[in-house]
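Have a look at the structure below, then the notes.
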Amino acid sequence: MLEVRGIDSFYGAAKILRGVSLSARAGEVVALLGRNGAGKTTTMKSIMGLVRPRAGTVRYDGRDITGQPPHLVCRAGLGYVPEERRIFKTLTVQENLTVGERPARDGAPFWTVERLFALFPNLAERRRNPGGALSGGEQQMLTIARTLMGNPSLVLLDEPSEGIAPVIVEQMARVILQLKGEGLTVLLSEQNLHFARLVADRACVLEKGEVKFEGAFADLEADPEIGARYLAV
C-alpha cells in the first residue's frame, strides 16, 4: 500500500531525513517511533507532499506520488491527521465532520457521520457542541473522524496519544484496531510505546533522520538494546 524508498528531506539548508525507507502493507498498522526531533513528523509531511523530498521516492498503491501537492495526495486516497489537530473551533462537531465529507472510494471503507458517531460515542454526545468546547482527547477524536469522512485507504496519524488522558488513549487504541478491522492501513507516529504496542503490527525506528530498525513489533521488543539506544528518554 505504501512504499517509501531512500527519501532525503530538508527544511531550508538543514537536512532532516537521510535515506529514509519504510513500507506498510494493506490493512497493516505500522508505528513510526523515535524521540522528539528524530524526523517522524517530517517523514509524514514528506509522504503527504507538505515537504518535497529532494531524493528518493514515495509510492502509494503502486503509484509514484513523490512531491505531489497535498490536495492531489489526499485525492489519491491518503488521509493525514496532524499533531496540531486543526479542527474548526467555531463549528459544531457535526459541522466539522460534514466539512470533510467526500464521495465513496473504491477499495476503501465508506464513512458517514452516523457511522463515525458509532465509532466515537463521545462525539455523538457532543454533536451540537462547538469544536473548541471539546477536551483535548475529544478534539483528537474529531480530527481523526473528520479525516475518515474523506474515505481514505491509508491514514497517517501524527502523535495521536500526545497530551490526552490515559482513558482516552485506551479508547483511541480500540478505534485504531477497529479501523484495521475495516481494512484501513495506518501509519502512526508515536513516542508512547505502550500505545504503539497495543495497535502496531510492525515498527520503524528513527534517530536523527535515519532508520535504525524496521520489522515486526515483537522483534523490536525482543531487542532491548534498540529501545535503550533510540527510544529511551
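The values are calculated or read from the model by the stated rules, or taken from the named source; none is laboratory data. Computed from a prediction, not measured in an experiment: that's the story for all the values here. Here Cβ is always computed from backbone atoms with ideal geometry, including for glycine, and neighbour counts include all displayed protein chains.
A few remarks follow.
- In segment 216-233, the qualifying residues are those that are modelled with pLDDT of 85 or more and assigned to a loop (DSSP other than H, G, I, E, B), and the one that is surrounded by the most Cβ atoms within 10 Å (Cβ to Cβ) is 223.
- Residue within segment 84-92 that is touching an Asp or Glu at 6+ places or on another chain (Cβ under 9 Å), loosely packed, with under 14 Cβ neighbours inside 10 Å and within 16 Å of residue 140 (Cα to Cα) present: yes
- Pairing residues of segment 150-161 that are under 15 Å from residue 45 (Cβ atoms) with residues that are charged (D, E, K, R) and modelled with pLDDT under 95, at Cβ distances under 7 Å and at least 6 apart in sequence or on separate chains, gives 158/83; 159/83; 159/190.
- Filter result for residue 43 (β-branched (Val, Ile, Thr), within 18 Å of residue 24 (Cβ to Cβ), in contact with a Lys or Arg (Cβ under 6 Å, 6 or more places away or on another chain) and not in a loop (DSSP other than H, G, I, E, B)): no
- Among the numbered conditions (1) part of a helix (DSSP H, G or I); (2) within 28 Å of residue 228 (Cα to Cα), the only one that residue 206 does not meet is (1).
- Hits in segment 66-92 (condition: in a helix (DSSP H, G or I) and farther than 23 Å from residue 182 by Cα): 70, 71, 72
- Residue that is hydrophobic (A, V, I, L, M, F, W, C), surrounded by fewer than 14 Cβ atoms within 10 Å (Cβ to Cβ) and over 30 Å from residue 135 (Cα atoms), where the choices are 76, 26: 26
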